[in-house]
Amino acid sequence: MAGKIVVRGAREHNLRGVDLELPRDKLIVFTGLSGSGKSSLAFDTIYAEGQRRYVESLSSYARQFLGQMDKPDVDIIEGLSPAISIDQKSASRNPRSTVGTVTEVYDYLRLLFARVGTPHDPETGEPLVRQTPQQIVDRILKMEDGTRFQVLAPVVRGRKGTYETLLLDLAKEGFVRAIVDGELIELGGDLPDLARYETHDIRIVVDRLVRREGIERRLTDSIETALGLAEGVAEIEIMPPKGSEAESEVLVFSQHLSRPSDGKSFEELAPRNFSFNSPYGACEACDGLGTTFEVDSQLVVPNPELSVADGAIHPWSSRKSQYFERLVQGVCDQYDIDVDAPWEDLTAKQQKLLLNGKGHAAKAATAPIKVTVRYKNRFGRVRTYNANFEGVLPYLRRRHTEAESDTAREQIEGYMREVHCPACDGARLNPLSLACRIDGRNIHEICSISIGEAAKALDGLELTDREHLIADRVIKEINARLSFLLDVGLDYLSMSRSASTLSGGEAQRIRLASQIGSGLVGVLYVLDEPSIGLHRAR
């Protein structure tokens, strides 16, 4: 019996006391008409019992984090292994999920680029080099005489924790002040109660100085102390002149990366800098989504045959607001626009005036138009007031940015369309992350080509002996996962492909490749129509 899975008296759902013996280590196919009990036997009986028994073998602490299935209606099942189910379900609808993240290939790519990638300056394209503490001091001394500044050591940057022990240890070492989440505190007094599961920024105030002759020795010691505390990173906060309302300016200096031409510093790249789900790597314009919403004038004016008076400008006419009616009427009166003429008969300049204000380009940051609005009150008297008219499209953009609820935001998105982010061109990452290259390609270029081409490119990387020592194990993991995707016929997909755009068959094969790629032995896999969506090999 050791080589068989024995089922006796299966009565789950529409099964009627089914008895059968299944050979182990074989591919077994259940076929039959719809409703004949295939899923009831495979999933609700065999898989459910295998999963339930495995979870019961774990500790009570571990079981509370796992969903345990109910015991199926069956007399006996013998010879079971721990079971894994790969059933049919729709692909992830999360806009941040891609083929690379779902298969975990992207996680290894991030590690590869962080360890052996060559950082370049995103503005000039020149490779970044490392700088010494003395070079950092020389750059600071180029500031004007009398400039007040303080040397900071960013010991914690965007990490979770309470850090009470860290602050106490720094206080014992003689440091007096720290800036915690933007607030200056005294280390000798009561320490702030930081939330354990929220991210925090802690910068230690190493020294306060004024730029003048004779500070070179003290500045060098302070910079070296800050670099030692913050793993090679120091910050200089330039204080505004006394009485000025200007904000302070923070300069970041690093022993790790700097621009050769002028010494501008950049932070050391880590795997999180290549994640579009992290604020350290995501494009600031689109927050790592790769797309932004742009107001579409065709949605704002869906029926150009209507006149302004008849409600051609849909966002304002649909709200039936007297304020917008009077405001548009005031603009038309001031610029001699016929409110009764069809929208399509207005000149291009008049249309731009109403849509964008002053007829400027849609994205131009212009001052709103000053408009005199006249109306009659309920007593028939004419009243006037002055108002600002920014244009329909800038108004909708501003309301979308300032919306405080999902309902208000979704309402405005009805007049917008999704476009590639103009800042990153859909790459999702910030310029510094995209400027890091391996063998002439950045991480987005690797993810944008097909999986078949990416596998060839990664297999043929030209690396130095030192880089091979670092990257070989990572590349091995990447190639192993890509090979399984190739085996199930997904060579035409790209790793940057959004998971929400995958068909049911493609999503099914990705899950299948991920499970088989785990390399587990002695596991009972229960698959629901694994061949769905398959096509003939090309």
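The values are calculated or read from the model by the stated rules, or taken from the named source; none is laboratory data. Only a predicted model underlies this, so the values are computations on that prediction, with no experimental measurement involved. Neighbour counts run over all protein chains shown; Cβ positions are idealised from the backbone, glycine included. Areas reflect the complete protein model, heavy atoms only, side chains present, ligands, DNA and RNA absent. Shrake-Rupley method; radii C 1.70, N 1.55, O 1.52, S 1.80 Å.
Within the stretch 86-101, the set of residues being of a type in the set (Val, Ile, Thr) and at pLDDT below 90 comprises Ile86 only. Taken as a whole, the structure places Arg417 among residues that are in contact with an Asp or Glu (Cβ under 7 Å, 6 or more places away or on another chain) and part of a strand (DSSP E or B). In the stretch 149-161, the residues that are part of a loop (DSSP other than H, G, I, E, B) form Cβ pairs under 7 Å with partners that are open to solvent by 10 Å² or more (accessible area, probe 1.4 Å), at six or more places apart or across chains, as follows: Gly161/Arg196.
For the stretch 252-266, name all the residues that are out of contact with any helix residue (DSSP H, G or I) (no Cβ under 7 Å at 6 or more places or on another chain) and open to solvent by 50 Å² or more (accessible area, probe 1.4 Å).
Residues of the stretch 252-266 that are out of contact with any helix residue (DSSP H, G or I) (no Cβ under 7 Å at 6 or more places or on another chain), as a first pass: 252, 254, 256-262, 264-265.
Hits for the stretch 252-266 are Val252, Pro260, Ser261, Asp262, Lys264.
Only residues that are surrounded by 15 or more Cβ atoms within 10 Å (Cβ to Cβ) and either small (Gly, Ala, Ser) or not in a helix (DSSP H, G or I) (or both) were counted across the stretch 420-438, and they come to 12. Number of residues in the stretch 123-148 that are closer than 19 Å to Glu249 by Cα, open to solvent by 20 Å² or more (accessible area, probe 1.4 Å), modelled with pLDDT under 90 and not in a loop (DSSP other than H, G, I, E, B) equals 2. Annotation note: Cβ proximity below 9 Å between a residue of the stretch 476-489 that is of a type in the set (Lys, Arg) and a residue that is buried (at least 16 other Cβ atoms within 10 Å of the Cβ) and at pLDDT below 90 (sequence gap 6+ or interchain) occurs for Arg481/Thr103; Arg481/Ala513; Arg481/Ser514; Arg481/Gly517.
Just one of Leu66, Leu58, Leu33, Leu27 is closer than 29 Å to Leu482 by Cα, loosely packed, with under 14 Cβ neighbours inside 10 Å and without any contact (Cβ under 8 Å) to a residue 24 or more places away in the chain; which is it? Within the list Leu66, Leu58, Leu33, Leu27, the selection yields Leu27. Quick one: would you say Asp190 is out of contact with any helix residue (DSSP H, G or I) (no Cβ under 9 Å at 6 or more places or on another chain), free of Cβ contacts under 8 Å to residues at least 40 places away in the same chain and charged (D, E, K, R)? It is true that Asp190 is out of contact with any helix residue (DSSP H, G or I) (no Cβ under 9 Å at 6 or more places or on another chain), free of Cβ contacts under 8 Å to residues at least 40 places away in the same chain and charged (D, E, K, R). Tell me yes or no: at least one residue of the stretch 359-375 is at pLDDT 85 or above, out of contact with any strand residue (DSSP E or B) (no Cβ under 6 Å at 6 or more places or on another chain) and closer than 23 Å to Leu299 by Cα. No, the stretch 359-375 contains no residue that is at pLDDT 85 or above, out of contact with any strand residue (DSSP E or B) (no Cβ under 6 Å at 6 or more places or on another chain) and closer than 23 Å to Leu299 by Cα.
Step by step: first the residues of the stretch 280-313, then only those that are β-branched (Val, Ile, Thr) and either touching a strand residue (DSSP E or B) at 6+ places or on another chain (Cβ under 7 Å) or in a loop (DSSP other than H, G, I, E, B) (or both), then the one that is surrounded by the fewest Cβ atoms within 10 Å (Cβ to Cβ). Which residue is that? First the steps, then the outcome.
Step one: of the stretch 280-313, the residues β-branched (Val, Ile, Thr) are 291-292, 295, 300-301, 308, 313.
Now drop any that are not either touching a strand residue (DSSP E or B) at 6+ places or on another chain (Cβ under 7 Å) or in a loop (DSSP other than H, G, I, E, B) (or both), which leaves 291-292, 295, 301, 308, 313.
Working: Thr291: 16, Thr292: 19, Val295: 22, Val301: 22, Val308: 25, Ile313: 18.
Top of the filtered list is Thr291.
In the stretch 504-527, the residue that is surrounded by the fewest Cβ atoms within 10 Å (Cβ to Cβ) out of those that are part of a loop (DSSP other than H, G, I, E, B) and either at pLDDT 80 or above or among the basic types (Lys, Arg) (or both) is Val521. Scan the stretch 321-352 for residues that are over 13 Å from Ala309 (Cβ atoms) and among the polar types (S, T, N, Q) and jot them down. Those that are over 13 Å from Ala309 (Cβ atoms) and among the polar types (S, T, N, Q): Ser321, Gln322, Gln334, Thr347, Gln350, Gln351.
Taking the condition of being of a type in the set (Lys, Arg), in contact (Cβ under 8 Å) with a residue 40 or more places away in the chain and outside any helix (DSSP H, G or I), how many residues in the stretch 366-413 meet it?
Narrowing the stretch 366-413 to residues of a type in the set (Lys, Arg): 370, 374, 376, 378, 381, 383, 397-399, 409.
Among the residues that remain, those that are also in contact (Cβ under 8 Å) with a residue 40 or more places away in the chain are: 374, 397.
This time we only want the ones that are outside any helix (DSSP H, G or I), so: 374.
Result for the stretch 366-413: 1.
Right, Arg53: under 17 Å from Ile76 (Cβ atoms) and open to solvent by 40 Å² or more (accessible area, probe 1.4 Å) or not? Considered against the rule, which asks whether it is under 17 Å from Ile76 (Cβ atoms) and open to solvent by 40 Å² or more (accessible area, probe 1.4 Å), Arg53 comes out as yes. Scanning the stretch 324-348 for residues that are over 39 Å from the mean Cα position of the chain (by Cα), part of a helix (DSSP H, G or I) and not aliphatic (A, V, I, L, M) returns Glu325, Arg326, Gln329, Gly330, Cys332, Asp333, Gln334, Trp343, Glu344, Asp345.
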